[in-house]
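Here is the structure we will look at.
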Amino acid sequence: MDAIFSLPYSEHQTIEALSELLPKSEGYGIFVAASRQQARVDFVIVRGASMVRAQVKSSRHFEWGESPRLRFWYRNFADSYHSGSADVFFLFGLYPVFREGRKVSDRNAHWRHLLLALGDAEMGAILKKTGKDRFFQFGIDPIVSRKLPTVMGTRGGVEGQDLTPYLVENRAQWLTDRFKS
C-alpha cells in the first residue's frame, strides 16, 4: 500500500507557478520536504549546484468596503522568523473573480491567486517594520481581465507601499538571478 502525501494548496500553486518561470528544460528542479513538520523551509529550488530555500505564507481574501476591496492578511511571524533560514518568501493569496454586482457564490465565479516573491532581507524588513502589530496586509481591487492587479500595502510593515513590483510575474529575472554564482 502506498502512503498518502499531501501538500497544502498554496504550496502546490506556488510550485506550479514557479515551474512555468523556472522550467525543467532549463535545468531547474523543485523538491518538497517529505515531512510537513520541516521548520522554515517548504520546498527547495535547485539548478546545478545552486539551491534556493523557499517558504510559503498564505491567505484567503477578505472583502473590504473601500479600495483595495480584496485584502490578504498575514500573521506577523517576527517571533519565529530566523534570518537566513529561507532565501525566498512567497506570499500567496487566493481570491474570486466574478462580475461586478455578483457574489462569490455565482456559478460563473472562478478562483485565481496572486503570488508575491520577497527575499529574506525584504521579508525581515517587513516583519521588523510591522513591529507589535499582529498582522500585515495588502490588497487588490477585483479584476476580471488577465491583466496583473495593482497590489497595495494596507497594514503593518507594508502600509502605503505599492507591492506590484513583487508579483512573481514581475520578479522572474530576480528569481533566476538567485542561481547565478
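At-a-glance table
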quantity: Helix-derived mean residue ellipticity, 222 nm - over the chain, DSSP H n ≥ 4, -39500 (n - 2.57), to 500; calculated: -5000 deg cm²/dmol
quantity: At R0 = 45 Å, FRET efficiency that the Cβ-Cβ distance of ASP79 and HIS110 yields, to 0.05; calculated: 0.75
quantity: Cross-link reach list, aspartates and glutamates versus LYS147, counting only Cα pairs under 14 Å and skipping chain neighbours closer than eight places; calculated: GLU169
quantity: Protection proxy ranking of 126-139, 24-37 - average other beta-carbon atoms within 10 Å, highest first; calculated: 126-139, 24-37
quantity: Amide H partners (placed H, <5 Å) of ASP42, local residues excluded; calculated: ALA54, GLN55, VAL56
quantity: 15 Å beta-carbon shell around PRO165, net charge (K/R +1, D/E -1); calculated: -3
quantity: Alpha-carbon Rg/Rh ratio, for the chain, with Rh computed the Kirkwood way; calculated: 0.97
quantity: Tilt relative to the chain, helix 9-21 - C-alpha long axis, 0 to 90 degrees, to 10; calculated: 70
quantity: Student exercise, the chain dipole from Lys, Arg, Asp, Glu Cβ charges, in Debye to nearest 20; calculated: 260
quantity: Cα-based helix-to-principal-axis angle, 120-130 vs the chain, degrees rounded to 10; calculated: 40
quantity: Approximate spin-label separation VAL46-ALA34, in nm, with each point projected 7 Å along Cα-to-Cβ; calculated: 1.4
quantity: Spin-label model distance (nm) - ARG69 vs PHE5, 7 Å beyond Cα toward Cβ; calculated: 4.2
quantity: For SER50, residues with placed amide H under 5 Å, excluding near neighbours; calculated: none
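Any read-out appearing in this document is the output of simple, stated calculations on the displayed coordinates, not a laboratory observation. Given the structure is predicted, the values throughout are model-derived calculations rather than measurements. Counting neighbours? That spans all protein chains shown, and the Cβs are built from the backbone with ideal geometry, glycine included.
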